[in-house]
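Worksheet: the structure to be examined is printed underneath.
What follows is calculated from the coordinates using simple rules that are stated; it is not laboratory data. Owing to the predicted nature of the structure, the values given are computational and were not obtained by experimental measurement. Methodologically, a virtual Cβ is constructed for each residue, glycine included, from the backbone with ideal geometry; neighbour enumeration extends over all protein chains shown.
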Amino acid sequence: MTLPAALAVDLGCRSLLRMTDLAPAELEAILDLTDELKAAPRGAHRPLEGRTLGLLFRKHSTRTRVSLSVAIAQLGGAAIDLPGDQLQLARGESLEDTARVLSGYLDAIAIRTYEHEALERFADMATIPVLNALTDDAHPLQALADVHTIRERLGRVEGVTVAWVGDGNNVCVSLAEACELLGATFVGASPKGFEPPGIPFVRDPREAVAGADVVVTDVWASMGQEAERAERLRAFAGYGVDTNLLALAHPDAIVLHCLPAHPGEEISADVLYGPRSAAWDAAENRLHTAKALLALTLG
Ligand code: CP
Ligand code: NVA
């Protein structure tokens with residue numbers, strides 16, 4: 001395959017557990033290659049013939065599972081589902097032994113699980129790239145699509161102001177890290193106790209959103225937090241992204257949400273389905289960014 005110039009960057013056999021595993025130039029290269037692959041006819045680049053990506057998901061997924069599966073297929077490789085409850089892992093085989101054995105079959109593995117530490121343990125033992133398909137702490141594959149969508153819609157990421165409203169969760173952390181890598185300003189607003197460590201958060205969503213170029217939110221109860229849902233709905237009252245809040249942002253501001261959404265809770269339906277919503281573009285861009293990442297990691 002003739003690969004575009006972006007491929008001067010080599011992510012060969014590198015895992016992506018957090019956005020901070022990437023240098024700024026590497027992240028830029030992924031975004032550049034994303035543009036090229038998105039514009040190319042489907043099937044024009046098939047650098048991953050014969051390569052297999054494992055998908056080990058312990059939480060539900062629509063976008064991540066399907067975009068990764070389609071991405072590797074379009075690049076000439078294959079995905080294989082590894083249902084956690086059917087692996088010997090579910091009967092007590094250790095993560096480390098599983099990582100060692102699967103490394104002998106697969107060329108890379110994407111894992112969605114709860115504790116980030118479990119992903120790190122797997123990656124420590126694996127001899128193939130491990131991609132974080134979401135943990136309780138981070139969601140770098142989503143952040144790739146988010147910053148790509150910002151660049152696509154606004155023409156740049158550097159110098160842009162991104163306002164996060166709501167739970168300072170896994171998606172928030174990875175987006176904040178991506179913004180830092182690319183020179184965007186990130187500010188968040190949450191009730192006390194829901195801010196991630198080390199990221200600037202204020203209490204008032206209006207303060208965070210004032211003049212922002214991008215307004216982002218996510219569900220108030222993530223997977224694994226179902227038991228806290230009622231308490232969280234109470235805590236986040238007043239933190240929904242609606243037209244009144246959006247009116248304080250830059251007049252051309254866009255809105256992102258990783259999806260799935262709960263319209264009427266963290267985002268109003270008119271915003272989510274309205275002209276300033278880039279959530280649907282970002283969902284599609286999960287495919288294109290996944291292709292770029294896989295091509296750079298396995299190509
Ligand atoms: N945004 C995202 O990761 O969606 P899924 O949970 O459907 O994969
Ligand atoms: N914060 C959400 C994101 C889902 C894609 C969760 O962890 O459930």
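Oblate is the label for segment 39-113, because a/c, from the alpha-carbon gyration tensor with a ≥ b ≥ c as root eigenvalues, is 1.5 or above and a/b does not exceed b/c.
Phi angles of segment 268-275 translate, via the Karplus equation with coefficients 6.51, -1.76, 1.60 and θ = phi - 60°, into HN-Hα couplings of 7, 4, 5, 6, 4, 9, x, x Hz per residue; Gly and Pro are given as x. Evaluated at 20 °C with a viscosity of 1.002 mPa s, what Stokes-Einstein diffusion coefficient in µm²/s does segment 215-289 have when Rh comes from the Kirkwood expression over alpha-carbon pairs? The diffusion coefficient I find is 164 µm²/s. Once both axes come from the Cα atoms, what is the angle between helix 116-125 and the longest principal axis of the chain, in degrees from 0 to 90, rounded to 10? Around 20 degrees separate the two axes.
Segment 1-93 gives an Rg/Rh value of 1.01, both radii derived from C-alpha positions and Rh following Kirkwood.
Per q in 0.10, 0.12 Å⁻¹, report the Debye log10 I(q)/I(0) for segment 148-299, using one uniform scatterer on each alpha carbon and no solvent. Computed log10 I(q)/I(0) values: -0.33, -0.47.
By how many degrees, between 0 and 90 and to the nearest 10, does the Cα long axis of helix 279-298 differ from the longest principal axis of the chain? The angle comes out at about 30 degrees. The simple Förster model, with R0 at 41 Å and r as the Cβ-Cβ distance, assigns residue 93 and residue 242 a FRET efficiency of 0.30.
The phi torsions of segment 226-240, fed into the Karplus equation with coefficients 6.51, -1.76 and 1.60 and a -60° offset, translate into couplings of 4, 5, 9, 4, 4, 5, 5, 4, 5, 5, 8, 4, x, 9, x Hz, rounded to whole numbers, with Gly and Pro shown as x.
For segment 100-115, 3J(HN,Hα) computed residue by residue from phi via the Karplus equation (6.51, -1.76, 1.60; θ = phi - 60°) reads 5, 6, 5, 5, x, 10, 9, 9, 6, 9, 9, 10, 10, 8, 8, 5 Hz, glycine and proline entered as x.
Taking amide H positions as modeled 1.01 Å from N, with prolines and chain starts lacking one, the residues under 5 Å from residue 202 and 5 or more places away or on another chain are 188, 189, 190. Helix 140-154 against the longest principal axis of the chain: what's the angle in degrees, Cα atoms only, rounded to the nearest 10? That works out to roughly 60 degrees.
Percent of Cα pairs in segment 34-185 per distance bin of 5 Å, from zero to the largest separation: 2, 9, 16, 19, 18, 16, 12, 7, 3, 0. At 1.002 mPa s and 20 °C, plugging the Kirkwood radius over alpha-carbon pairs of the chain into Stokes-Einstein gives what diffusion coefficient in µm²/s? Rounded, D is 110 µm²/s.
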